[in-house]
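Shown below is the structure under consideration.
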Amino acid sequence: MIAPQNHEPGIGEVMKNSQEQWYASVDECLLVSEVHPASYEYAVATGYGNVPPINEGGMTSLDILAHRFHVVSVENSCILINQEVEVTIPKSDDSYAKFYYIGYLTSFACIGSYMIDTNTDQLMTVSHANWEALINYISTKDDVKESDPNYATLAKIRRKDPFVPGTYVDVSKITGDTKITVPITLKIPLTYFLLFHNIKYLPEWMGKFIIKITPSYRNIVVAPVIPEEAFIIYPDIVNKMNLENAQDSEDQLVDFGFYQLNQKMRNKFTLQNDGTCTLGAVHEFKCIFQRVTKCEMRLATYQLNMDVFNRLAFQYAQVPFIFPINMVYHKDFAMPIDANENINTTLTAALMYVDSSYTFFKEDGIKEAGKRGDQREKPPIKINFSKKNF
């Protein structure tokens, strides 16, 4: 054991102590200023540089700035976005599913790319924010996603839960290819941005942060609204799906889960009076355009007493803070995976302080020799990871 007088604190201990001490000081100032922790006020800042309506590919800027004697509560602040997506939907063919969910797995997925600047410097640029959204989604516990309106799950879709980052569209009366405008209302907490994930308070003397976001439709998912009870009452639905997916065929797999826009789906079916299921043909929801009609920052702020704020600034304004910042690093394999039965491919990444790693495969082209594999649940892939220390 190292004696206390001979122990040199590591970077983790410095970060933990500086964070805890700073949060405790702000909480004490709120108490002295007689401010209840839940009684914050919203300061609204609209996007500038490119004001709504913002078409696909357009960028807008949002400021994070606390005014004098105010402190921004990052965990209670958010970005509000109203989006209109033009989707072309084919005829329903009297399918059992009368409604489809069109929206996102998580509200953060509406951001295609973003940049974060300070007053003078550019802090980070994320060109493919979909990876951050995906990692955020799969690393969040299921019970949290079920209770959070910023997440969509298949269970919520099947019971038509209104607290999801998307819209339910009635397709029962569509008799031919029809273009409709789907409105989507989104709330993106600031803590979904990895830079602000571990920051709780931002006072006036910490300066201004500028978030430049590019909204996009490319991460929108589609899923049929089929109640869970239907699979129990009509077991032929699952039987026909399993029978069809087990055949040696190049046809699209039958799946009643999430698809993306502009992806071929096979999730339509009809039921006879005796409960017999007839599977439908492949169809596709097409989209090439979206516009953002509203984009604004809502900062949750606390106002401190003048003397309390000045004492806090005197204590911390010249103190350098160290906050842990998570990053998502992605890289492609050296050789693309195609329909060949055996492929050896490698990926080398030099990383430090890795929390977790994930490997993603596109379901197209993944199939077992001699028959179709279940690409979505049990892809026929063997993969090995090795670590080399230097």
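Every number here is computed from the coordinates shown, using simple stated rules; none is lab data. None of these values were measured; they are calculated from a predicted model. Cβ placement follows ideal geometry from the backbone for every residue including glycine, while neighbour counts extend to all protein chains displayed.
In whole Hz, with x marking every Gly and Pro, tabulate ³J(HN,Hα) for segment 182-193 from phi via Karplus 6.51 cos²θ - 1.76 cosθ + 1.60, θ = phi - 60°.
My calculation for segment 182-193 gives 9, x, 10, 9, 10, 10, 10, x, 4, 5, 6, 6 Hz in order.
Taking the Cβ of each residue in 319, 71, 254 as the centre, tally the other Cβ atoms inside 10 Å and list the residues starting with the fewest.
In order of increasing Cβ crowding within 10 Å: 319, 254, 71.
Here's another thing I want to ask about it. Using a Förster distance of 25 Å, how high is the FRET efficiency between residue 360 and residue 288, based on the Cβ-Cβ distance and rounded to 0.05?
0.55
Taking H placed 1.01 Å from N in the peptide plane, check which residues at least 5 places from residue 182 or on another chain put their amide H under 5 Å from its amide H.
Amide H to amide H, under 5 Å and 5 or more residues apart or across chains, residue 182 pairs with 85, 86, 87.
Using alpha carbon centroids, what distance separates segment 35-93 and segment 145-204, in Å?
Centre-to-centre distance over Cα atoms comes out at 14 Å.
Now for a separate question. Could you please rank 241, 59, placing first whichever residue has the fewest other Cβ atoms within 10 Å of its Cβ?
If I rank by nearby Cβ atoms, fewest first, I get 59, 241.
Sort 312-318, 211-217, 325-331 for me by packing, meaning the mean count of neighbouring Cβ atoms within 10 Å per residue, highest on top.
Packing order, densest peptide first, comes out as 211-217, 312-318, 325-331.
Using the basic label-point model (7 angstrom from Cα toward the beta carbon), what is the residue 82 to residue 63 distance in nanometres?
2.3 nm
Follow-up. Over segment 165-296, what is the relative contact order in whole percent, taking alpha-carbon pairs under 8 Å and six or more residues apart?
Computed over segment 165-296, the figure is 18 percent.
Next question, about the same structure. In sequence order, what are the phi-derived ³J(HN,Hα) couplings for segment 255-266 according to the Karplus relation 6.51 cos²θ - 1.76 cosθ + 1.60 with θ = phi - 60°, rounded to whole Hz, with x for glycine and proline?
Residue by residue, segment 255-266 yields 8, 10, x, 7, 10, 9, 4, 6, 10, 5, 10, 9 Hz.
Given H placed on each backbone N at 1.01 Å, which residues far from residue 174 in sequence or on other chains put an amide H within less than 5 Å of it?
92
Multiply the residue separation of residue 238 and residue 318 by 0.36 nm, subtract the distance between their alpha-carbon atoms, and state the gained length in nm to one decimal.
22.4 nm
Can you put 33, 77 in order of Cβ neighbours within 10 angstrom, beginning with the fewest?
Fewest-to-most Cβ neighbours within 10 Å comes out as 33, 77.
State the extension gain, in nm to one decimal, for the chain segment bounded by residue 91 and residue 273, taking 0.36 nm per residue of separation less the distance between their alpha-carbons.
Contour length minus the Cα-Cα distance gives 63.3 nm.
Amide H neighbours of residue 113 under 5 Å, at least 5 residues apart or on other chains, H built in the peptide plane: list them.
129, 214
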